[in-house]
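The values are calculated or read from the model by the stated rules, or taken from the named source; none is laboratory data. Note that the coordinates shown come from a computational prediction; the quantities given were computed from them, not determined experimentally. We place every Cβ from the backbone using ideal geometry, glycine too, and count neighbours over all the protein chains shown.
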Amino acid sequence: MMISRRRLFGFALLSGFAVPAAAGAQVQDLLGLGQQWMDDNLDPAALRALRSGDPAQLDKVLAGLLKGFQGDYVLDLAAMQDVARLALPLLERDPRTRSYAPWLKSRLDYFQVADQLRTSLPPPRAVPGQPAVRPANPTPNQERQAWQKQVAQQPAPKGAAAWVPKLKPVVRDAGAPPELVWLAEIESSFDPAARSPAGAAGMYQLMGPTAQSLGLKLQPNDERLVPEKSARAAAVYLRKLHDQFKDWPLALAAYNAGPGRVAELLKRRRSTSFDGIAPTLPAETQMYVPKFEAVLKKREGVTLAALKMPSAKRSA
């Protein structure tokens, strides 16, 4: 049976087994890159937790994955695919970590697409006597093409059938295009209980301070976990971001990475578009916008450019 280089990498790295030299220089190089990522992002206790099935230190695994998403190199995500797939059932099994599972589950395809991009993009030209240069970040158009292929074969999450009809009117009444309801697919797979290691919560993964600024309460009950309230707050926020940036890709980037960061990068790079700042955004954000573009096209048959604000903003 043929085993892919990535699978061999994941198996060896997570099982602790050595790969024989006969496996080839390319596999050894791949293992070296993967091991470097592991050394930089996951401590030995976290690796033992994955190997043994002990969830006690899964918070460290989550912290490592989150660090990868917040870095600016998309292709680093390729090395995390097997780690994430091993972590997911452990998260689902333990009540203390179960709410993190939908956050990770909705992002498994990030690792897969990053791996596809890594293998499909041409390597940098080697210069004799010079250290190897890692490939450049994929361009937004390369990511769009990869996400179109990926999302084309992905069914909508199970929760979508129940929640999309209920939440579309909520989004529309908050003054945003109702099609934006599908942002919950890439944020939480339409799971109201989802939480992220960074502190976001709910179907639309709102951070605490942002939620409070939009009128949601965190105590005594966290209103981010109420789908209708989460959807309304997300729609109001997206509408405000669009008012600020005059552009849906930039509004979505700001929703994911923060409006301050997007505004600062636009100024620094003297750009007015998402494509102009994409390589310097967090890896998650670089993939987030083209992923939503693909989801919107697949689920609604429209593009971001075709989205229209409701004729009347009935709530602020």
Residue in segment 99-134 that is modelled with the lowest pLDDT, counting only those that are surrounded by 15 or more Cβ atoms within 10 Å (Cβ to Cβ) and basic (K, R):
R118
Taking L216 as meeting all but one of (1) hydrophobic (A, V, I, L, M, F, W, C); (2) in contact (Cβ under 8 Å) with a residue 60 or more places away in the chain; (3) in a loop (DSSP other than H, G, I, E, B), write down the number of the exception.
(2)
Filtering segment 202-226 down to residues that are touching a strand residue (DSSP E or B) at 6+ places or on another chain (Cβ under 9 Å), hydrophobic (A, V, I, L, M, F, W, C) and crowded, with 20+ Cβ neighbours inside 10 Å, which residue is nearest to A257 (Cα to Cα)?
A211
Search segment 278-306 for residues that are in the same structural domain as P177 (by TED's automatic domain parsing) and pair each with any residue that is among the polar types (S, T, N, Q) when their beta-carbon atoms are under 6 Å apart and the residues are at least 6 apart or on different chains.
A278/Q286; P279/N137; P282/Q70; T285/N256; Y288/N256; A294/Q148
Can you name the helices (runs of 4 or more DSSP H) wholly within segment 227-316 that have at least 2 residues being loosely packed, with under 15 Cβ neighbours inside 10 Å?
227-245, 259-268
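So, in segment 59-81, how many residues would count as being touching a residue at least 40 places away in the same chain (Cβ under 8 Å) and buried (at least 20 other Cβ atoms within 10 Å of the Cβ)?
Qualifying residue count, segment 59-81: 11.
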